[in-house]
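The values are calculated or read from the model by the stated rules, or taken from the named source; none is laboratory data. Note that the structure is a prediction, hence the values are computed from the model and not measured. Every residue, glycine as well, gets a Cβ built from its backbone with ideal geometry; the counts of neighbours run over all protein chains shown. Please note that ligands, DNA and RNA were not included when accessible areas were found on the heavy atoms of the full protein model with its side chains. Shrake-Rupley method; radii C 1.70, N 1.55, O 1.52, S 1.80 Å.
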Amino acid sequence: MSAFSTLPLTKSMIDNLGTMGYHKMTPVQAGSLPHVLKGEDLLAQAKTGSGKTAAFGIGLLHNLNVKRFRVQALVMCPTRELAEQVAGELRRIARFKHNIKIVTICGGVPFLPQQISLEHQAHIVVGTPGRIEQHLSRGTMNLDNVTTLVLDEADRMLDVGFADSIEAIMGYVPKHRQTLLFSATFPEQILGLSTRFQKNAHRVVVDVEHEENVIRQHFYESDWEAKDDLVVRILERHKPASTLIFCNTKLQCKSLTTSLWTKGFSAISIHGDLEQKERTEVLVRFSNGSCPILIATDVAARGLDITGLSAVINFDLPFEPEVYVHRIGRTGRAGKEGMAFSLMTPKERFRMEEINTIMGTSFEVSDVEALEPSIEEDAVVPMVTLSINGGRKSKLRPGDILGALTKDGGLAGTSVGKINCFDYYSYVAIERSVADKAEKALSTKKIKGRHFIIHRHE
Ligand code: AMP
């Protein structure tokens, strides 16, 4: 893999990528960026976890004219969660330059605050097609200055029914523009989109087979009643730092979560019954390292940009073999080995055969007895999440929270983990050993001249 320094990027951009731990390009970045930087159109095959966000994000930000305070890039995503993740990654990449404004425009949240944000102008809009179309038809968003348009996870946007909105949005952006289309699969409709809305698009196809080789996959047979214990054996054997467990029903998610809790594991679940705020909280805690096990249904996990996990466990094998491929794609990334474990009752063995057929593999049932507990010491969950009842709307930024903890609270910067600021809430991960001190600092001292209410999530 080649280094970012081989690209015609500014030193400040490359230095910032270095601080994010990005030194070498992932295959999709190496295939895409040279074209993206030249302003050419692109049709790229990329799934979550491949580094696709940076593959277009670095290009967008490199080409952006900060002094021109108009929307210059529009990124469309299939879900609000993905849009938030993409905006987050773009903001991190954008740190190399001051004053780049990125707004998210998604459905499911009030319209007016978005309208006000747009009135104050932005350089980049990231959002879901339905709400973007609404703003355009009401005249509350102007895309006359867009130079780059990105369709992210285009196949999923079509799956969830955004074809008409995308079509409508195309009528509002200038004809002379760069169009970047990213999709995990290339069905006919995607090729149709490309033909209609792109010019001489370069195709980038990554070596999917090679990527899949870095996932160690095991299938275990078990009676239904013994599955919970088998999950425990897998966790005790491999001690993965982060694990996503898939169940086929939300009832099963809830019962497995309780069962793991009683056995001493810190697990949380995400399912359709959660409110948006609870969902966000669960995701933040999982992705900032303060809860190592997330249990989800496919529906609840759809659109979640959770990748690079140590392990994926299929508590139930999915009904469709393609779903298996999608699930395990969340482990292993950019050369790091991943692990996937699948549990099945003897009657479900045919599902493993179906998987073998579509993947061209020859997996067999592994021996449960080989799952001896590891002698490695149990890792204590390293982080704790504190929530703050203020966010972007109270002008709180990650830097303010970091400042309150380090300058006012006396904590070392190294004990502060990921900070996520949403509109009305913020979350900060703190090293467990200093969590009390951090909680006290944030609840007793003012941040940006105000007192906030702090909650600790265990
Ligand atoms: P994405 O496919 O955009 O969702 O990215 C997947 C993950 O890979 C994200 O957590 C990124 O932070 C990370 N990532 C992207 N590019 C690189 C890179 N060149 N080196 C290391 N990590 C990367």
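Worth a mention:
- Anisotropy class of region 4-205 from Cα gyration tensor, a/c 1.5 cut: oblate
- Sum of -39500 (n - 2.57) over DSSP H runs of 4+, divided by residues of the chain (222 nm, nearest 500): -10500 deg cm²/dmol
- For Leu294, net neighbour charge (Lys/Arg +1, Asp/Glu -1) across residues whose Cβ lies under 15 Å away: +2
- Counting heavy atoms of the protein chains alone, Lys38 has an accessible area of about 140 Å² for a 1.4 Å probe.
- Accessible surface, per residue, of the chain when the full set of protein chains is kept, probe 1.4 Å, Å²: 46
- Among the chymotrypsin sites (Phe, Trp or Tyr not before Pro) in region 310-404, those placed in a DSSP loop whose Cβ has at most 15 other Cβ atoms within 10 Å are Phe319, Phe363.
- Computed on region 99-184, the Cα convex hull volume stands at 101 Å³ per residue.
- Among the chymotrypsin sites (Phe, Trp or Tyr not before Pro) within region 1-91, those in coil by DSSP and having at most 15 neighbouring Cβ atoms inside 10 Å are Phe69.
- Overall form of region 250-334 per C-alpha gyration tensor (a/c, 1.5; a/b vs b/c): rounded
- Gyration tensor (alpha-carbon) shape descriptor, region 374-458, a/c threshold 1.5: prolate
- A simple count of charges around Gln178, restricted to other residues whose Cβ falls under 13 Å of its Cβ and scoring Lys, Arg +1 and Asp, Glu -1, yields +2.
- Between the residues Ile100, Pro187, Ser32, the greatest Cα displacement towards the positive end of the dipole of region 4-205, with unit charges on the Cβ of Lys, Arg, Asp and Glu, is found for Ile100.
- Centroid-to-centroid, using Cα positions, region 277-328 and region 59-112 are 25 Å apart.
- The fraction of accessible area contributed by carbon and sulfur in the chain is 51 percent, rounded to a whole number (1.4 Å probe; ligands and nucleic acids excluded).
- The count of lysine pairs in region 215-370 with alpha-carbon distances below 21 Å, taking only pairs 8 or more places apart or on different chains, stands at 11.
- The local environment of Lys395, defined by Cβ-Cβ distances under 12 Å, has a net charge of +3 under the rule Lys, Arg +1 and Asp, Glu -1.
- Ratio of the Cα radius of gyration of the chain to 2.2 N^0.38 Å, where N counts its residues: 1.00
- The count of lysine pairs in region 397-458 that are at least 8 places apart or cross chains, and whose C-alpha atoms lie under 16 Å apart, stands at 7.
- Bridge orientation summary for the chain: considering DSSP beta bridges with both residues in this region, about 25 percent are antiparallel.
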